[in-house]
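The values are calculated or read from the model by the stated rules, or taken from the named source; none is laboratory data. Keep in mind that this is a model prediction, so the values were computed, not measured. Quick reminder, even Gly has a Cβ in these numbers, built from the backbone with ideal geometry, and neighbours come from all protein chains shown.
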Amino acid sequence: MTPPTTGSTTTATTAATATLPGGTWDLAGTTVSRVGYGAMQLAGPGVVGPPADPDGAVAVLRAAVAAGITHIDTSDAYGPRVTNDLIRRALHPYPASLLVATKVGATRDAQGGWPAARTPDDLRRQVHDNLAALDVDVLDLVNLRLGDADGPVPESVGEAFGALVDLQQQGLVRRLGLSNATAAQVAEARSIAPIVCVQNMYNLAVRQDDDLVDDLARDGIAYVPFFPLGGFTPLQSAALSAVARRVGSTPTAVALAWLLQRSPNILLIPGTSSVSHLHDNITGAGVRLSAVDVAELDTIGR
């Protein structure tokens, strides 16, 4: 992003990043903290409209960067336009160490739905909307959102992904990824141009991407689970609670720690609108799980 006005922000952030659980990952030449932050929850109820406490939302974003987080996930569809405006207000000019990932391919309707918007014209408009809202000349990372609210849908991604490749070649996007994608769609996109990440629903109880996680890890591509804690229906499991009691932590912390230990290419983007909850997530992700703990947790999704 835009370099900071002084060198102090980058130096402090780099030092803090070194202490975050899970260490770092290289996203095509940019080192990011494996513990990131998802901005969706900063919008109003149902991801519609502004938050009740905009100043509190700004404080959460600044606390995330101060803690060493260098990967923030957003979309101009959140709100819509709410989270990007908050990110700009809180963090612009952006630290050089910060990577902001956004998504295109879906918009919002009056009922709060997420209709697909993946024609080349749709995607060009959304990229320019994100550029304007974040106040940057180039987007760090754009994920193409596929499928629908129920999950991935098998269909060709060639036209849509090709449109984003054109925008990348124009210098408006640095890196590309996919979201809500099938393994076949990942393969099709990779046959067109390199991707740096796949962002799908994945957590202790939703394990359909186990093979994809491992395949991407072998190729040095990040896997970014959305709804790492179950989404709008939080994870509930007797095994999860039992392990949490045994390690003296919370089920939320254990679920995040399991993801970090599951594979080195997994990047976390848990969201929250609370500074204290943000710090709880960061601390909790560092819980160390034994082989026995992991084996018990693995029974949840298998």
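Listing for the model above:
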item	result
Unique residue being within 15 Å of Leu172 (Cα to Cα), within 17 Å of the chain's Cα centre (by Cα) and acidic (Asp, Glu) when the list is Asp140, Asp129	Asp140
Qualifying position, being under 24 Å from Gly220 (Cα atoms) and at pLDDT 95 or above, among Gln126, Gln168	Gln168
Output for the stretch 225-261, where each listed residue is touching a helix residue (DSSP H, G or I) at 6+ places or on another chain (Cβ under 9 Å), over 21 Å from Arg34 (Cβ atoms), assigned to a loop (DSSP other than H, G, I, E, B) and not polar (S, T, N, Q)	Pro234
Flag for Val206 being within 16 Å of the chain's Cα centre (by Cα) and among the hydrophobic types (A, V, I, L, M, F, W, C)	no
Only listed residue being under 20 Å from the mean Cα position of the chain (by Cα) and of a type in the set (A, V, I, L, M), chosen from Leu259, Leu289	Leu259
Filter result (surrounded by fewer than 16 Cβ atoms within 10 Å (Cβ to Cβ) and touching a strand residue (DSSP E or B) at 6+ places or on another chain (Cβ under 9 Å)) within the stretch 191-209	Ala193, Pro194, Gln208
Residue count for the stretch 164-190, restricted to those that are part of a helix (DSSP H, G or I) and out of contact with any Phe, Trp or Tyr (no Cβ under 6 Å at 6 or more places or on another chain)	13
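Quick grid of which residues meet (1) crowded, with 16+ Cβ neighbours inside 10 Å; (2) in contact with a strand residue (DSSP E or B) (Cβ under 8 Å, 6 or more places away or on another chain); (3) part of a loop (DSSP other than H, G, I, E, B):
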| site | (1), (2), (3) |
| --- | --- |
| Leu61 | yes, yes, no |
| Ala96 | yes, no, yes |
| Gln111 | no, no, yes |
| Arg124 | yes, no, no |
| His128 | no, no, no |
